[in-house]
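Here is the structure we will look at, set down as structure tokens.
Where a number appears in this text, it was derived from the coordinates with a stated rule and is not lab data. Remember, it's a predicted structure, so these values are computed and weren't measured experimentally. Neighbour counts are summed over all protein chains in view; Cβ atoms, including those assigned to glycine, are modelled from backbone coordinates with ideal geometry.
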Amino acid sequence: MPVEILMPELGESVHEGTVSRWLKQVGDFVKEDEPVVEIMTDKVNTELGAPASGVLVQILVPEGGDVEVFHAMGLIEPDPEAAKSAVSAPPAAPAKSEASMAEAPAPVMSQLAPAQPATGNGRQWFSPLVRTMAKEKGVSDAELSTIVGTGAGGRVNKKDLEAFLAGRGSAKLAAPTTVPTGETKSFALAGMRKMIAEAMTRSSEVPVVSTLIEVDVTNLVKFRETNKESFQAQNGVKLTFTPFFIKALTETLLEFPYLNASLIDGQVTLHGGIQMGVAVSLGEKGEGGLIVPVIRDCQNKSLVDLARELESIAAKARGNQLSVADVQGGTFTLTNPGSYGAVLGTPMINAPQSGIVGVYGIVKRPVIVDDMIAVRSMMNIVLTYDHRLVDGLTAGRFLQAVKARLEKFDFFK
């Protein structure tokens, strides 16, 4: 029996993706877990491995086509004889499908006719692949909305956009060469910003409270300044402040299980391990926004291990190489607005997680130590938590425990 290549689940806010490239063709042999197809979503671009060894006998979703979660994109036949028959057999005449309809470009004038919305609420949805192509080719949202889609539900697919581009070039449509200064523009949220908006809307429905604590990190600052060069030479990774924050949070979360928990449909789950989501920037200069990849089983990792994993996920994020698995399964989140100069804020939880900690800018200022004025390196730590699972007393004790670990600074003992 053929094995289906299924579109994986991509999180609560993403229900479909786009097949951007097939890495194997019909008739090719593939090994289990060997990359076979590349998909694009609003979150990540990733290669999917083959679910079984065998011959790719059918491609169900062509390049540029959209596919819903848990739907099949192709078929792999493990049985060599059955595969030979399947590949050699002439394909049945298909019904008029998205792929066949998209093969012949529509006339230029029909491509410029107003499109029907692809959703029932009056908004048109464009796949990540179409969005990316449009951006590369300088196609505005207004132009996209004029293209008649031949995909499922009237959606615009890759072939439709290519036909539009060909028609636009031949028709030499007039377009302004410059945008007047101060022009007001209006456009729909799309791509990652749309996904973030949806996730934040869900999180805003959770009753949350934020609590602040001030931490003296003078010992941490001095240690890093003294040892950052030798640490990198010895371990092959830069020494930043973040691994220390992850370590302190991990040890404290083991003592406060309800902050490493989730609440879904009245069901509380206390997670056994610490799967720490860490907010990092996408793109070389952070132009792609923020994403939260996960460092897994932090309770089993040393400070050096955490530093290495942190550098690895940051490099993958800068290169837009994060996979679906990299961003799934977090149980608690750390965000570091202090890295870009923020000194205070109230981070929003990533529902259904019950907590997130924000660490803010380290500043030197005078404080009272043993009834004397001293200049110390101080920072703010803010915990935002789901008040249905965590009360103020627990939150305060959690922050006190994190503070004690950072100020005591015995991570290497």
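Here are the numbers:
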| quantity | calculated |
| --- | --- |
| Neighbour net charge for VAL148 - beta-carbon separation under 12 angstrom, K R +1, D E -1 | +1 |
| Entries in LYS301/LYS408; LYS135/LYS301; LYS24/LYS158; LYS185/LYS364; LYS31/LYS285; LYS228/LYS316 that, when Cα-Cα distance is taken, lie over 31 Å | LYS135/LYS301; LYS185/LYS364; LYS31/LYS285 |
| Packing-based ranking, highest mean first, of 312-319, 157-164 given that Cβ atoms within 10 Å are counted | 157-164, 312-319 |
| Cα gyration tensor, the stretch 3-92 - rounded (a/c under 1.5), prolate or oblate | prolate |
| Reach of LYS159 by Cα under 13 Å, taken over aspartates and glutamates that are not fewer than 8 positions away in the same chain | GLU63, ASP66, GLU98, GLU103 |
| Normalised contact order of the stretch 338-397, rounded percent, pairs of Cα under 8 Å and 6 or more residues apart | 35 percent |
| Local electrostatic count at SER53 - Lys and Arg +1, Asp and Glu -1, tallied over other residues with Cβ under 10 Å | -2 |
| Alpha carbon centroid spacing (whole Å) that separates the stretch 26-68 from the stretch 260-324 | 26 Å |
| Restricting the stretch 259-315 to GluC sites (Glu not before Pro) in coil, as DSSP defines it, with at most 13 other Cβ within 10 Å | GLU284, GLU287 |
| Dipole in debye (nearest 20) - the stretch 207-408, about Cα centre, beta carbon charges: Lys, Arg +1; Asp, Glu -1 | 360 debye |
| Tensor-based shape of the stretch 200-273 (alpha-carbon gyration tensor, a/c under 1.5 rounded, otherwise prolate or oblate) | prolate |
| Packing-based ranking, highest mean first, of 326-339, 129-142 given that Cβ atoms within 10 Å are counted | 326-339, 129-142 |
| FRET efficiency for SER88 and ALA325, using Cβ-Cβ distance with R0 set to 35 Å, rounded to 0.05 | 0.45 |
| Shape category assigned to the stretch 207-408 from the gyration tensor of Cα positions, a/c cut at 1.5 | oblate |
